[in-house]
Amino acid sequence: MPRKFKPRQRLSGVRDAKLIIIASEGAQTEPKYFRELASQYINSKVKVYVLEREDASASSPGHVFEELDKFKTEYNWEDNDEFWLVLDVDRWGDAKLAEVGRLCHQKGYMLAVSNPCFELWLLLHLRSLNAYPPETLAEFRANPRIGVGRRRLDVELITILGEYNKSNLKTQHFLPHIEDAIGRAKELDNLDHRWPDDLGSRVYLLAEEIIRQKPGATTA
């Protein structure tokens, strides 16, 4: 269960700890992924908290941004705490993301955007995009709906794993390969843009922040 904060008070036990606060567009897949990732890299000096949306349907970038704003208003935080938004390109496009990106820059929030979606980040745990022909990569970019409730990248994960359920993510399929995902995402990244302008994911930046919190931990 997510940690409950007391209004305007920094809880005992985290007084001297840096906080990494995460608000995500997804209401189930992303929160479970980050909670279980953080549980593997425990450090008394760093605490990772994933915010839960009261309204699961309120998933627009603006709503996700407002979650972080609400947290900062209600609870004590320190200058070294980090606030992250985890968003996708496919549902919102560049115009909406540009608006949210401008607000994030003003407030010092960090963006972890996936293009087209979080499932691309999950795929990078399992495969390099170099393994796919151009026509398949084009399908990933478009990420069309295939059947009821499935998109192209969902189907790819099912093909590889034999299963994939957004509502019940089995992180054991992915977390053992986190270093591979980080390395592959770095190779795809074009830092000239505020988020990936082609297939890719900046979630690796947030994953690195979480992983490096374990004493002695390193990232590739």
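The values are calculated or read from the model by the stated rules, or taken from the named source; none is laboratory data. Every value quoted in this text rests on a predicted model; they were computed, and no experiment measured them. Neighbour counts are summed over all protein chains in view; Cβ atoms, including those assigned to glycine, are modelled from backbone coordinates with ideal geometry. Only protein heavy atoms, including side chains, enter the accessible area calculation; ligands, DNA and RNA are left aside. Shrake-Rupley method; radii C 1.70, N 1.55, O 1.52, S 1.80 Å.
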*Non-local amide H neighbours of S201 (under 5 Å, H modeled in plane, Pro and chain starts lacking H): which ones?*
N115
_Probe 1.4 Å - accessible area at R35, Å² to nearest ten_ = 80
*Share of region 134-220's accessible area from carbon and sulfur, percent, 1.4 Å?*
49
*Using label points projected 7 Å from each Cα along Cα→Cβ, tell me how many nm separate I146 and Q28, to one decimal.*
2.1
*Calculated FRET efficiency, A95 and H63, Cβ-Cβ r, R0 22 Å, to nearest 0.05?*
0.85
*Report the equivalent ellipsoid semi-axes for the chain in whole Å, largest first, defined as the square roots of five times the eigenvalues of the gyration tensor built from alpha carbon atoms.*
28, 19, 17
*asked:* Probe of 1.4 angstrom, ligands and nucleic acids ignored: what's the accessible area per residue over region 82-178, in square angstrom?
replied: 47
*Rounded to the nearest 500, what is the 222 nm mean residue ellipticity of the chain from helices alone, with -39500 (n - 2.57) per DSSP H run of 4+ residues and division by all residues?*
-11500 deg cm²/dmol
*Would you tell me the accessible area of E30, worked out with a 1.4 angstrom probe on the heavy atoms of the protein chains, in Å² to the nearest 10?*
10
*State log₁₀ I(q)/I(0) for region 118-220 at q = 0.19, 0.20 Å⁻¹ as given by the Debye formula over alpha-carbon point scatterers of equal weight, solvent excluded.*
-1.01, -1.11
*Furthest towards positive pole of dipole, N190, I158, Y109, structure part region 71-220, Cβ charges*: I158
_Separation of the S167 and S39 label points, Cα + 7 Å toward Cβ, nm_ = 2.1
*For the cross-link pairs K70/K170; K47/K96; K70/K186; K18/K166; K32/K186; K107/K166, which exceed 28 Å when the distance is taken from alpha carbon to alpha carbon?*
K70/K170; K47/K96; K70/K186; K18/K166; K107/K166
*asked:* Tell me the accessible surface of V203 in square angstrom (1.4 angstrom probe, heavy atoms of protein chains only), to the nearest ten.
replied: 0
